[in-house]
Amino acid sequence: MKSMMLFSSDKKVARFLEKTFKKIIGHVADLYSSSLEDGDSTPVQTDIVLVSGEFLRPKARRLFPKSRIISPDRVIVGQNLEKLLMLPKGEDVLVVNSPRKTSQETIDSLNKLGMNHLNYIPFWKGCNLDFSNIKVAVSPGMMHLCPDEIRQTIDIGPRIVSILSFLQILEALELDIKYLETYSDFYHRMLMASSRKLAVSLERAERLSKYEEIIINEFDDGLIYVDDKSRVSLVNKSAAKLLKTEKEALITQKIEKVIQNFELLAVILKASDQTKKSAHIYDINGEKTVVTKIPVVGDNLITHIYTLRRIDTIRELEKEVRVKLVKKGHVSKYSFSSIWTKNQHMKQVIEQARDFASTGKNILITAESGMGKELFAHAIHQASPLRTGPFVAVNFAGIVDGLIESELFGYEEGAFTGAKKGGKKGLFEQAQGGTIFLDEIGDASLNVQSSLLRVLQEKEVLRVGGSSIIPVEVRIIAATNKDIYKAIKEKKFRNDLFYRLNTFPIHVPPLREHKEDIIYVMQKYLKTRYGIVKEISSQARNLLLSHDWPGNIRELINITEYVFYSSKGSPELYVEHFPDAIQNTHKTLTKRLDHSLENNFEQIRRELKANGLNRRMMQCLLSIILERQGRLCGRNSLIKELGYHQYQVSEGKMKKSLNLLKKHEIILVGKTKQGTVITKKGRSYLAYFETLNPS
C-alpha cells in the first residue's frame, strides 16, 4: 500500500488534513501527519508528502528527500460565512494564518468567493500590528493564533483540498478514480451544509442571493437543495439552465413534481432507504443527464442535495481524468525531431509518417528489429489529432499467448483463477480516445488476430468473462519485423486483418541502406547524451561503414555507449575503442580476400602508380564514397572533400581515379544526379587497403 504524509507548519492543520483523508482513502493508503511544531523528531518516511502550502516545499524536501512533494490548491468551503457577510461594508478585519503567505492566500480565497466588502489585514505568527482599530479577526482554523486584543473572532474552518488537487493525489497514490466521486460528495455536502445554515441565518433576500452567487453558482453541475419536506430551497444557475426554468419558479416546488416529466432511461444506483445515495439517468429536455440524490443527515432531519450532470460533461471529465491517470506511463515520449537522419530517403519516410499522422487512420509500420518502430509510433501519436489522449504500447513478442486477450481486452472479476477483485480494464479501454501501439503484430496468434479484427470492425471490446460490450474509440498503429506477405501466404496471418491495419503503410529502411547516418547518429548521440564531441579516425570510420549492422540503430546506440566509456581520455575514436565483435567482423572480411583478389589488387596498384595516383589518397576516396553512398558524390564534391583530408587533386586526376575504380568494378557511377556508390567488391578492397603498410 502507498503511504502519504500530511505536512503543515501547524499541528492542527496537519491533523485536520489527516482526518479528512482518512475518511475517504484511509483504508487503501497509509496516512500520517506531521508539522513544524513537532520539533526535531524524525518523521515517518512516505511515498508522498502533501504540504499545506508551497512555502513548505523546501523544508519537506530536506525532511523527506526520497518522497514526491505535492502542494495542493486549498479552498474555503463556507463555515460561518454568514457572520462575515453580516459585517458592515469596509470594516477592518484581521485575517489570521501562518506564515504570511498563507494569510494572503486566505484573503485571496475570500475575495474570490465574492466577499470583497471588507478591508482584510493579513496577520501571521510573529507579526507586530496595532490592533486598536480592529474589532474582528477571521481565521481558517487557526484561532489559537488570534491576538487576545481582538474581541470578535470568526472561525471559517480549515481550507480543504480542491477536487482537482485530490485527483492529483489519487494519481500519485495510484488509487481508483472512484474515490474522486466519494471526495466530491464530501465536498458538496460541506458546501450545501454551509448553504443551509446560511439560508436559515440570513433573512433578507439580498443576503441569500449573494450567498447563492458565492457558493453554488460556481459549479458547472446543476445543484438543487431540498428540505426535509421535499421542497426545493436552493437552485443554482446550471440546474435552472438545464431545466429551462427560472430559479424563482423552482423554489418551494416539490422535487417529485420537478422531475416527474423527465424520461427515466436507467437506474445506476438504487437506494435502500433515505439515508443512502441513489443515481438515475434521465432525458431532461433532450439532454441525457445523471441525477444523483445525496442525503444530508443532521439535527434529526434528512434533507437532500440533487446534482445534475450531463453525460457529455461526464465524458469530457472522464477524458481529462484518463489523460492524467495515463501519465503513469501511457504517454508518447518522442516526436519526429527525435528521429535523426541525413539520408534523403529517410527524410521522405518521416514526412510521409507526418502526413499520415494527421489522418487519424490506422497505420502499419514495417522495419527490421532495431530501426525504431516504436519511436515512429510515438512521433505519429504526438503529431495526430489524438495527441492529448493516452498512448498505450503492447509488444506481442513479450506477452505469454494465454494472457494476451486479458491484457488487451481486460477481464471481469472471477473470470479466471488469480483475477483481481473488481476485474481489470484492458489496454484498449485504457487507450480510449488515444492511440494503441501493437508492436510485433506478426507474432500474434490467429485467435488473437480474430479478436483484433472484431475490435477494428465493430469498435468495441468484450472483457474476458464479461457479457457487456464496451465501445472503444482508438487509433491503431501496428508494427512488425516479419514478412507479412509471406506470413499471409503461409496462413500465419489473416489477410483481412492485414488490410484493416494497412490503411497507411510505412516502411523504414534498415541502417545498411543509409550508411551516412552511422557516423552522424553516433556523433549526435555522444553530443546529446554526454555533451561531448569526438572525431572518428579514418580506420574507425571504415570499420563502421564496412559493418552490416544487423541490429540497426539499436546496435549502433549500444556500440556508441561502449565507445564512450572505452575512449575516455581520448579526443578521437580509434579501432581499438570498438567492441571485439565489430573488430573481428572487419578482420574476417579481410581474411576472405582470396589470392585472385590480391593479384587483381597488384594490377590496380601498378595502374595507380603508372597514372601518378597515390594509394592512400585512393583509400581516402573510397572511404568518402562509402560514407556518402550516392549522396553528393560528383567529382567537384569529392575533390573538395579530399582537400579537407590534405589531398590536393586536379579534376583530371579525379576523373582518372574514378574511371580506374569503375573499370575494376570497385564503384558504380550513376547517371547525372544519381551519385556514385561503392560495390561489395569495393568494400573488400577498402578492407584490404587497411591491411597494408602506408606507401
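In table form, for the structure just shown:
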{"quantity": "Residue selected from segment 647-667 under the condition of a type in the set (S, T, N, Q), open to solvent by 40 Å² or more (accessible area, probe 1.4 Å) and touching a helix residue (DSSP H, G or I) at 6+ places or on another chain (Cβ under 9 Å), by the criterion nearest to CYS620 (Cα to Cα)", "calculated": "GLN648"}
{"quantity": "Whichever residue in segment 228-265 is among the β-branched types (Val, Ile, Thr) and buried (at least 17 other Cβ atoms within 10 Å of the Cβ) and, among such residues, is nearest to the chain's Cα centre (by Cα)", "calculated": "VAL235"}
{"quantity": "Of the criteria (1) modelled with pLDDT under 85; (2) farther than 21 Å from ASP312 by Cα, which one VAL267 fails", "calculated": "(2)"}
{"quantity": "Residue match in segment 83-103 (condition: acidic (Asp, Glu), part of a strand (DSSP E or B), closer than 30 Å to PRO147 by Cα and open to solvent by 10 Å² or more (accessible area, probe 1.4 Å))", "calculated": "yes"}
{"quantity": "Candidate set: segment 176-189, residues that are hydroxyl-bearing (Ser, Thr, Tyr) and under 15 Å from LEU223 (Cα atoms); chosen: the one least open to solvent (accessible area, probe 1.4 Å)", "calculated": "SER184"}
{"quantity": "Sole exception among (1) under 19 Å from the mean Cα position of the chain (by Cα); (2) closer than 28 Å to GLU555 by Cα for GLN430, by number", "calculated": "(2)"}
{"quantity": "Residue match in segment 506-515 (condition: touching a Ser or Thr at 6+ places or on another chain (Cβ under 6 Å) and buried (at least 17 other Cβ atoms within 10 Å of the Cβ))", "calculated": "no"}
{"quantity": "Looking only at segment 301-351, and only at residues there that are in contact with a strand residue (DSSP E or B) (Cβ under 7 Å, 6 or more places away or on another chain), outside any helix (DSSP H, G or I) and more than 30 Å from PHE262 (Cβ to Cβ), the one that is modelled with the highest pLDDT", "calculated": "SER332"}
{"quantity": "Residue in segment 423-431 that is at pLDDT 85 or above, open to solvent by 30 Å² or more (accessible area, probe 1.4 Å) and closer than 19 Å to PRO390 by Cβ present", "calculated": "yes"}
{"quantity": "Matching entry among MET192, MET142 (being modelled with pLDDT under 80 and open to solvent by less than 40 Å² (accessible area, probe 1.4 Å))", "calculated": "MET192"}
{"quantity": "Among residues of segment 434-445, those that are outside any helix (DSSP H, G or I) and either of a type outside the set (Gly, Ala, Ser) or farther than 27 Å from ALA367 by Cα (or both), counted", "calculated": "6"}
{"quantity": "Identity of the residue in segment 475-491, aliphatic (A, V, I, L, M) and part of a helix (DSSP H, G or I), that ends up most open to solvent (accessible area, probe 1.4 Å)", "calculated": "ILE488"}
{"quantity": "Pairs with Cβ under 6 Å, 6+ apart, first in segment 560-583 and open to solvent by less than 90 Å² (accessible area, probe 1.4 Å), second outside any helix (DSSP H, G or I) and of a type in the set (Gly, Ala, Ser)", "calculated": "GLU572/SER537; LEU573/SER567; TYR574/SER537; HIS577/SER567"}
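One line per residue, one yes/no per condition, for (1) open to solvent by 60 Å² or more (accessible area, probe 1.4 Å); (2) aliphatic (A, V, I, L, M); (3) assigned to a helix (DSSP H, G or I):
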site: SER41; (1), (2), (3): yes, no, no
site: THR46; (1), (2), (3): no, no, no
site: VAL49; (1), (2), (3): no, yes, no
site: PHE55; (1), (2), (3): yes, no, yes
site: ARG61; (1), (2), (3): yes, no, yes
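The values are calculated or read from the model by the stated rules, or taken from the named source; none is laboratory data. None of the values given here were measured: they were computed from a predicted structure. Positions of Cβ are backbone-derived with ideal geometry, glycine not excepted, and every protein chain shown enters the neighbour counts. For accessibility, only protein heavy atoms count, side chains too; no ligands or nucleic acids. Shrake-Rupley method; radii C 1.70, N 1.55, O 1.52, S 1.80 Å.
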